[in-house]
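Asker: There's a structure below that I have some questions on.
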Amino acid sequence: MTNSIPTATVARLPVYLRCLVDMSERQTTCSSEQLAAVAGVNSAQVRKDLSYLGSHGVRGVGYTIADLQEQLRRALGLHKGYSVVILGVGNLGSALASYPGFDAWGFQVVALFDVDPARIGTMIGGHEVRALSDLEQTLSNVTVDIGIVATPASAAQDVADRLVAAGVRSILNFAPTVLHVPDSVKTRRLDVSTQLQILTYHLQSESEDTPG
């Protein structure tokens with residue numbers, strides 16, 4: 001089922017799930033219009049996206065929130081569990097390692113790595129920071145589904161190569177650089193500076209369109 005869902009729709013499914021979790025605290029059903037309003041899309045888009053899951057709602061009732069949450073979790077693979085390693089525990093990596101929300105969504109941080117002697121051996125988020133030189137040995141004993149790269153840009157490609165060589169097939173990249181990996185490896189890049197530049201583009205466009 002998930003292989004037939006368009007990429008743009010997949011990107012919206014986590015948003016719908018998050019909205020439904022919030023809505024479930026005060027109601028048991030919702031309409032496509034309600035979900036669209038909190039998700040920031042139109043109701044026709046919601047109905048089309050959810051139809052890929054085989055969910056069409058009930059006229060006059062809408063969607064049962066608990067059932068729809070379960071469908072979304074299964075479509076996103078969240079009914080399983082995924083182990084995560086974080087490489088680089090500076091400010092960002094430390095914040096990620098301490099984030100309490102991972103467990104709720106089925107992600108378990110199993111190891112942290114860094115090259116700074118001052119950080120190695122310390123505890124962050126209940127995990128001991130290991131030396132990056134121990135990466136291969138650790139990954140030979142622990143199954144890792146996702147690697148999170150939070151290193152400086154200069155080190156990101158090297159650690160990505162080592163993750164790939166160790167058999168990790170999904171990488172979330174916070175480093176401000178593009179990683180080059182085999183086609184069999186899935187990567188997602190989150191770069192705050194890039195997002196800020198996109199926002200400044202829109203700010204500039206709006207100011208140019210505004211009469212002086």
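Asker: Does residue 94 fit the bill of being touching a Ser or Thr at 6+ places or on another chain (Cβ under 8 Å) and polar (S, T, N, Q)?
Answerer: Working: touching a Ser or Thr at 6+ places or on another chain (Cβ under 8 Å): no; polar (S, T, N, Q): yes.
No; evaluated as a whole, the condition is false for this residue.
Asker: Working only within segment 114-128, note down all residues that are under 23 Å from the mean Cα position of the chain (by Cα) and surrounded by 14 or more Cβ atoms within 10 Å (Cβ to Cβ).
Answerer: 114, 124, 125, 127
Asker: For segment 175-199, how many residues are in a helix (DSSP H, G or I), hydroxyl-bearing (Ser, Thr, Tyr) and either in contact (Cβ under 8 Å) with a residue 40 or more places away in the chain or surrounded by 10 or more Cβ atoms within 10 Å (Cβ to Cβ) (or both)?
Answerer: Number of matching residues: 1.
Asker: Condition first: among the hydrophobic types (A, V, I, L, M, F, W, C), over 24 Å from residue 109 (Cα atoms) and surrounded by 13 or more Cβ atoms within 10 Å (Cβ to Cβ). Now tell me which residues in segment 41-88 satisfy that.
Answerer: Initially, segment 41-88 is screened for residues among the hydrophobic types (A, V, I, L, M, F, W, C), giving 41, 44, 46, 50, 53, 58, 61, 65-66, 68, 72, 75-76, 78, 84-87.
With the extra rule that they be over 24 Å from residue 109 (Cα atoms), the set shrinks to 41, 44, 46, 50, 53, 58, 61, 65-66, 68.
41, 46, 50, 53, 65, 68, listed by residue number.
Asker: While we're here: Identify, from the list 147, 167, the residue that is closer than 19 Å to residue 110 by Cα, in a loop (DSSP other than H, G, I, E, B) and either in contact with an Asp or Glu (Cβ under 7 Å, 6 or more places away or on another chain) or of a type in the set (Gly, Ala, Ser) (or both).
Answerer: Being closer than 19 Å to residue 110 by Cα, in a loop (DSSP other than H, G, I, E, B) and either in contact with an Asp or Glu (Cβ under 7 Å, 6 or more places away or on another chain) or of a type in the set (Gly, Ala, Ser) (or both) holds for just one of 147, 167, which is 167.
Asker: Being in contact (Cβ under 8 Å) with a residue 60 or more places away in the chain and farther than 15 Å from residue 174 by Cα is the filter here, so list the residues in segment 138-161 that pass it.
Answerer: 143, 144, 145
Asker: Here is a further query. Of everything in segment 7-40, what is exposed (fewer than 13 other Cβ atoms within 10 Å of the Cβ) and within 17 Å of the chain's Cα centre (by Cα)? Give them in sequence order.
Answerer: Correct list: 7, 8, 11.
Asker: A further question follows. Name the single residue, out of those in segment 73-113 being of a type in the set (D, E, K, R) and over 24 Å from residue 140 (Cα atoms), that is nearest to the chain's Cα centre (by Cα).
Answerer: 73
Asker: With respect to the numbered conditions (1) in contact (Cβ under 8 Å) with a residue 40 or more places away in the chain; (2) within 16 Å of the chain's Cα centre (by Cα); (3) not in a loop (DSSP other than H, G, I, E, B), which one is the sole condition not fulfilled by residue 135?
Answerer: (2)
Each value in this text was obtained by applying a stated rule to the coordinates, not by laboratory testing. Everything numeric in this text was worked out from a predicted model, so none of it was measured. Cβ sites come from the backbone with ideal geometry, for glycine too, and all protein chains shown count toward neighbours.
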